[in-house]
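S.K.: Sharing a structure here in structure tokens format.
The values are calculated or read from the model by the stated rules, or taken from the named source; none is laboratory data. On a predicted model such as this, the values are computed, not experimentally measured, just so you know. Positions of Cβ are backbone-derived with ideal geometry, glycine not excepted, and every protein chain shown enters the neighbour counts. Areas reflect the complete protein model, heavy atoms only, side chains present, ligands, DNA and RNA absent. Shrake-Rupley method; radii C 1.70, N 1.55, O 1.52, S 1.80 Å.
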Amino acid sequence: MRGAIVSKRKPWTDVELAVLREFYPDSPTAEIAAALGRATQQVYSKAIGIGLRKSAEYLAGPDAGRLDGIRGAASRFVKGQPSWNKGVKGSTGKHPNCLRTQFKKGEKRGAAQHNYQPIGAERINRDGHLERKVTDDPDIAPVRRWVPVYRLVWEVANGPIPTGHAVIFRPGRKTTDASLITADALELVSRAELVRRNHPRSKSTELAKLVQLKGAITRQVNRIAREAKEKKS
């Protein structure tokens, strides 16, 4: 079959698929490909496409070509064997010619260099708050290198924010203008109080009515579904 012309786009017939399903799990793929007049890669791709895999017995056998402790031993490293590049100039990265083109600590290139923002830079985050970059520490996740300016202002004036509390803008004082973010524009509230303030019922009477209506509709839908289920049973 070596001299046969292999068609790259020849459709798979039902007979070929039956042969593939029958022999692929336990036979060398090259032999199946030769028998079918197809490229070995075609057979691999088709087998994967229809969910075929080699059997555990085949993979454990000699035809699989996996290491059995004997084959390939001459080309494997053994314990205590020195590496091939030990003492070879320029192969360890410490030769002057290598050092000239290596990245230096803290060096940035490409997108990292283009997108870099220095410490003190400011931006608006996805929640609409002004943030300021406070560190370049590589051990800190990039998103944690930025801190909301209102938090920085509060901590300068009052110290660390207590556990279980949050700093927020006073009503009508929220801004992204750094000059207007002052200590008197902020207040410290407990997390419980923050949840209460953000509850829909505390923001709008109309919204509260909508929440109640939604709950009533949900209860009616659940009741109807429950009665229908009881009738069927």
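S.K.: Considering the range 148-202 alone, what residues qualify as being of a type in the set (V, I, T) and touching a Ser or Thr at 6+ places or on another chain (Cβ under 7 Å)? Working first, answer last.
M.R.: We begin by selecting, within the range 148-202, every residue of a type in the set (V, I, T); these are 149, 153, 156, 161, 163, 167-168, 175-176, 181-182, 189, 195.
If the condition is that a residue be of a type in the set (V, I, T) and touching a Ser or Thr at 6+ places or on another chain (Cβ under 7 Å), then V153, I181 are the ones that fit.
S.K.: Let me ask something else about it. Quick one: in the range 175-213, of everything that is at pLDDT 70 or above and basic (K, R), which residue is least open to solvent (accessible area, probe 1.4 Å)?
M.R.: R197
S.K.: Taking into account only those residues within the range 115-158 that are surrounded by fewer than 10 Cβ atoms within 10 Å (Cβ to Cβ) and either basic (K, R) or under 21 Å from A192 (Cα atoms) (or both), which is nearest to the chain's Cα centre (by Cα)?
M.R.: Ranking the candidates gives R126 first.
S.K.: Turning to a different aspect of this structure: Is there any pair linking a residue in the range 161-187 that is in contact (Cβ under 8 Å) with a residue 40 or more places away in the chain and within 13 Å of L130 (Cα to Cα) to one that is among the polar types (S, T, N, Q) and surrounded by 10 or more Cβ atoms within 10 Å (Cβ to Cβ), with Cβ under 9 Å and at least six apart or on different chains, and which?
M.R.: From the range 161-187, the pairs are I181/T175.
S.K.: Would you mind finding the one in R109, R66 that is over 30 Å from D136 (Cβ atoms), within 34 Å of the chain's Cα centre (by Cα) and at pLDDT below 75? Full working, then the answer.
M.R.: Values: R109 fails: over 30 Å from D136 (Cβ atoms).
Result of the check over R109, R66: R66.
S.K.: Take the residues in the range 159-174 that are surrounded by 14 or more Cβ atoms within 10 Å (Cβ to Cβ) and charged (D, E, K, R), then tell me which one is nearest to P118 (Cα to Cα).
M.R.: K174
S.K.: So if I check each of L52, L59, which one is part of a helix (DSSP H, G or I) and either at pLDDT 90 or above or open to solvent by 50 Å² or more (accessible area, probe 1.4 Å) (or both)? Please lay out each step first, then the result.
M.R.: Numbers: L52 fails: part of a helix (DSSP H, G or I).
None of the other options fit; the residue is L59.
S.K.: Something else: Spot the failing condition for H114; the list is (1) farther than 19 Å from P138 by Cβ; (2) at pLDDT 75 or above; (3) not in a loop (DSSP other than H, G, I, E, B), and only one is missed.
M.R.: (1)
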